[in-house]
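Here is the structure we will look at, set down as structure tokens.
The values are calculated or read from the model by the stated rules, or taken from the named source; none is laboratory data. Since the model is a prediction, treat every value here as computed from it, not as a measurement. Virtual Cβ from ideal backbone geometry, glycine too; neighbours counted across all protein chains shown.
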Amino acid sequence: MTPRSALEIVGGQPLGGEVAIHTAKNSALYLILASLLTDEPLVIEDVPRLSDVLVALEILAHTGVEVAWQGRDVRLHAREVRQTSAPYRLVSKMRASFVVMGALLARAGEARISMPGGCAFGPRPVDRHLKAFAALGIEVADDNGDFVARRRGPIAGKVVFEAPTVGGTQNVLLASALGDGAVEIENAALEPEIADLADLLNRMGARIEGAGTPFVSVQGVPRLRAARFRPIPDRIEAGTFMLATAATRGDVTLRGVRPEHLEAVRDKLTEAGVRVVDVARDALRIDATGELEAVDVTAVEYPGVPTDLQAPFGAFLATVPGVSVVRDRVYPDRFTHVTELQRMGARLELTERTLVVHGGPLSAAEVHAADLRAGGALVVAALAADGRSRVLGLEAIDRGYERFSERLASLGASVSRSDERSTGPARGASSSPGGASAASSGTGSAVVAAVGDASSASVRRAGTASTGRDGPSPSS
Ligand code: EPU
């Protein structure tokens with residue numbers, strides 16, 4: 001992938017048809033870490049082949065976990081832990097890797113993790129993780145840019161998060177599931193990915209109650225066992241497809257979703273005039289062919305509108321006549337997409353962390369995705385804009401949207417991956433079952449082979465897997 005690698009999109013075409021939603025990146029990332037808690041094999045089914053997932057697998061391989069892809073399943077076997085560290089080279093690529101600390105503490109009693117570093121959309125500290133560990137009797141010291149954590153006795157006690165944190169809650173669950181202490185968490189994060197991790201750990205033999213509510217209790221157990229587990233569907237990927245459908249005034253059915261995880265998104269879209277219809281227990285139809293109107297959106301913790309959809313929501317609202325107001329209470333400065341949307345003719349004012357959107361027609365432009373969800377937003381806008389856009393920053397988009405161009409093309413969009421040598425988009429990028437030919441032009445196909453294609457490397461050690469990325473750009 002080169003810095004000029006891009007999605008080329010000719011917008012203005014309503015999306016139509018059906019798309020299957022993948023399993024959740026932000027669940028899979030933590031589920032695979034649970035492999036460290038047992039010396040028996042763990043199989044996580046249908047894991048999205050995304051660069052962030054490959055980084056997490058590299059970290060696990062570094063600690064000694066045997067990692068093998070079996071089709072789209074990942075088999076992990078931590079017979080022994082050989083390293084209790086996660087090097088900067090990997091942690092700097094993905095903030096979520098900080099959560100390996102809890103798993104290493106549980107299994108090996110110690111961990112050395114580099115500071116995760118900054119982020120494209122503002123500060124993302126780990127102070128709540130560290131306070132939680134301190135409350136559980138874990139010593140954490142700062143050693144030349146690394147956090148060094150040690151468990152002196154049983155991991156036990158009460159954690160009261162001053163405000164919810166998804167990663168912090170996952171870290172405590174992983175640290176306390178294996179062992180002989182009892183842990184209570186107050187003000188735990190409510191995101192469905194928390195309950196998903198608790199469900200997996202309980203299937204492995206853990207005793208966790210209350211996950212998905214603010215009060216979680218964990219009674220450590222001496223041993224965890226082998227398990228097979230399929231992550232929940234990706235509610236952020238689903239939401240992005242919903243907003244792309246709305247922005248293009250399309251009519252798309254999403255298969256393989258959990259509608260209960262999408263309530264807030266659905267409510268907002270309904271308020272804007274989009275029809276969201278249950279067509280099956282796990283399928284939603286998004287019909288945006290009617291009259292739409294501006295709505296205000298504030299991203300908050302689950303079960304509210306997710307921060308990860310705040311930028312795509314802004315892109316959709318930029319297409320809707322009228323005035324909308326967008327805020328983000330989780331990451332108040334997550335607005336790197338705004339200047340790029342303005343290049344597409346969006347009339348946006350960002351003052352005091354409040355985005356005022358004067359909706360109207362968008363026009364094509366070359367834009368750059370500074371982070372993953374900014375990328376989601378720019379793709380939504382480009383699909384709706386008149387003319388041919390180039391969305392640069394593919395390495396950010398590949399962190400969270402697998403085979404995006406191919407799946408959008410299957411909904412009738414004119415979209416393809418390209419690099420600077422490419423001559424332009426091809427309508428309806430080819431679509432093979434394994435995804436090997438997701439790119440229809442340019443060298444982008446090599447990236448998809450590394451990131452998006454499960455079939456061409458059905459069994460591969462993650463330690464040797466390329467992430468297909470040019471360098472660190474911590475986001476998730
Ligand atoms: N925070 C602190 N101190 C901490 C931890 C968090 O101040 O020690 C703050 C953060 O700065 C933020 C808020 O608390 O303002 C919530 O952060 P949280 O810890 O919940 O976020 P996270 O665990 O780092 C996960 C997702 C993000 C998603 C957030 C919020 C993963 C791998 N990442 O991050 O997803 O935005 O929860 O829902 O699960 C993405 O997928 O693009 C992405 C960034």
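Quick one: what pairs do we get from the range 102-116, first residue in the same structural domain as Asp143 (by TED's automatic domain parsing), second of a type in the set (S, T, N, Q) and assigned to a loop (DSSP other than H, G, I, E, B), C-beta under 8 Å, 6+ apart or different chains?
That search, which allows pairs on different chains as well, returns Leu104/Thr84; Ala108/Thr84; Glu110/Thr84; Ala111/Thr84; Arg112/Thr84; Ser114/Ser92; Pro116/Ser92.
Can you pull out every residue in the range 180-202 that is assigned to a loop (DSSP other than H, G, I, E, B), under 27 Å from Thr307 (Cα atoms) and more than 11 Å from the ligand (Cβ to nearest atom)?
Matches in the range 180-202: Asn187 only.
Hey, does the range 223-245 have a residue that's of a type in the set (Gly, Ala, Ser) and surrounded by fewer than 23 Cβ atoms within 10 Å (Cβ to Cβ)?
There is at least one residue in the range 223-245 that is of a type in the set (Gly, Ala, Ser) and surrounded by fewer than 23 Cβ atoms within 10 Å (Cβ to Cβ).
Which one of these does Glu191 not meet: (1) touching a Leu at 6+ places or on another chain (Cβ under 8 Å); (2) not assigned by TED's automatic domain parsing to the domain that holds His261?
Unmet for Glu191, out of (1) touching a Leu at 6+ places or on another chain (Cβ under 8 Å); (2) not assigned by TED's automatic domain parsing to the domain that holds His261: (1).
What are the pairs, 6+ residues apart or on separate chains, where a residue within the range 186-210 that is touching a residue at least 40 places away in the same chain (Cβ under 8 Å) has its Cβ under 7 Å from a residue that is of a type in the set (D, E, K, R) and surrounded by fewer than 18 Cβ atoms within 10 Å (Cβ to Cβ)?
Hits for this filter: Ala189/Glu301; Leu190/Glu301; Met204/Arg225.
Give me the pairs: first residue in the range 123-142 and on the phi > 0 side of the Ramachandran plot, second residue more than 12 Å from the ligand (Cβ to nearest atom), beta-carbon distance under 9 Å, and six or more apart or on different chains, which are they?
Between residues of the range 123-142 that are on the phi > 0 side of the Ramachandran plot and residues that are more than 12 Å from the ligand (Cβ to nearest atom), the close pairs are Gly137/Arg151; Gly137/Arg152; Gly137/Gly153; Gly137/Pro154; Gly137/Ile155; Gly137/Ala156; Gly137/Gly157; Gly137/Gly181.
Quick one: Val356 ticks every box in (1) farther than 30 Å from Phe161 by Cα; (2) in contact (Cβ under 8 Å) with a residue 40 or more places away in the chain except a single one, so which number is it?
(2)
Condition check ((1) modelled with pLDDT under 95; (2) in contact with a Phe, Trp or Tyr (Cβ under 7 Å, 6 or more places away or on another chain); (3) closer than 24 Å to Gly181 by Cα) across all residues:
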| residue | (1), (2), (3) |
| --- | --- |
| Ser5 | yes, no, no |
| Pro14 | no, no, no |
| Thr23 | no, no, no |
| Ala34 | no, no, yes |
| Gly71 | no, no, no |
| Glu80 | no, no, yes |
| Ala96 | yes, no, no |
| Arg107 | no, no, yes |
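Which of the residues belonging to the range 8-19 are under 29 Å from Asp73 (Cα atoms) and either of a type in the set (Val, Ile, Thr) or not assigned by TED's automatic domain parsing to the domain that holds Glu402 (or both)?
Within the range 8-19, just Val19 meets the criteria.
Which pairs have Cβ atoms under 7 Å, sit 6 or more apart or on different chains, and link a residue in the range 229-252 that is more than 14 Å from Val265 (Cβ to Cβ) to one that is of a type in the set (D, E, K, R) and assigned to a helix (DSSP H, G or I)?
Taking only residues 6 or more apart or on different chains, the pairs are Phe229/Arg203; Pro231/Asp196; Ile232/Asp196.
Is there a residue being within 29 Å of Glu406 (Cα to Cα) and in contact with a strand residue (DSSP E or B) (Cβ under 6 Å, 6 or more places away or on another chain) anywhere in the range 92-104?
Scanning the range 92-104 turns up at least one residue that is within 29 Å of Glu406 (Cα to Cα) and in contact with a strand residue (DSSP E or B) (Cβ under 6 Å, 6 or more places away or on another chain).
Scanning for something over 19 Å from Ser27 (Cβ atoms), assigned by TED's automatic domain parsing to the domain that holds Ala370, in contact with a Lys or Arg (Cβ under 8 Å, 6 or more places away or on another chain) and crowded, with 24+ Cβ neighbours inside 10 Å, does the range 246-256 turn up at least one residue?
No; the residues of the range 246-256 include none that is over 19 Å from Ser27 (Cβ atoms), assigned by TED's automatic domain parsing to the domain that holds Ala370, in contact with a Lys or Arg (Cβ under 8 Å, 6 or more places away or on another chain) and crowded, with 24+ Cβ neighbours inside 10 Å.
From the list Arg285, Arg255, which one is basic (Lys, Arg), within 21 Å of Leu411 (Cβ to Cβ) and touching a residue at least 60 places away in the same chain (Cβ under 8 Å)?
Selected residue: Arg255, the only one of Arg285, Arg255 that is basic (Lys, Arg), within 21 Å of Leu411 (Cβ to Cβ) and touching a residue at least 60 places away in the same chain (Cβ under 8 Å).
Within the range 294-327, how many residues turn out to be within 12 Å of the ligand (Cβ to nearest atom) and acidic (Asp, Glu)?
2
Taking the residues in the range 85-118 that are part of a loop (DSSP other than H, G, I, E, B), within 15 Å of the ligand (Cβ to nearest atom) and of a type outside the set (Gly, Ala, Ser) as candidates, determine which candidate is surrounded by the most Cβ atoms within 10 Å (Cβ to Cβ).
Lys93
Would you check if there is a residue in the range 209-227 being in a helix (DSSP H, G or I), closer than 22 Å to Thr23 by Cα and within 16 Å of the ligand (Cβ to nearest atom)?
Looking for residues that are in a helix (DSSP H, G or I), closer than 22 Å to Thr23 by Cα and within 16 Å of the ligand (Cβ to nearest atom), one finds none in the range 209-227, hence no.
Results for (1) farther than 20 Å from Leu29 by Cβ; (2) in contact with a Pro (Cβ under 8 Å, 6 or more places away or on another chain); (3) surrounded by fewer than 24 Cβ atoms within 10 Å (Cβ to Cβ), shown as yes or no for each residue.
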| residue | (1), (2), (3) |
| --- | --- |
| Phe147 | no, no, yes |
| Arg150 | yes, no, yes |
| Ala156 | yes, no, yes |
| Ala163 | yes, no, yes |
| Leu174 | no, no, no |
| Ala177 | no, no, no |
| Gly181 | yes, yes, yes |
| Glu186 | yes, yes, yes |
| Leu190 | no, yes, yes |
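Out of Gly145, Gly167, report the one residue that is within 9 Å of the ligand (Cβ to nearest atom) and in contact (Cβ under 8 Å) with a residue 40 or more places away in the chain.
Exactly one of Gly145, Gly167 is within 9 Å of the ligand (Cβ to nearest atom) and in contact (Cβ under 8 Å) with a residue 40 or more places away in the chain, namely Gly167.
Would you check if there is a residue in the range 393-406 being in contact with a Gly (Cβ under 6 Å, 6 or more places away or on another chain) and more than 15 Å from the ligand (Cβ to nearest atom)?
yes
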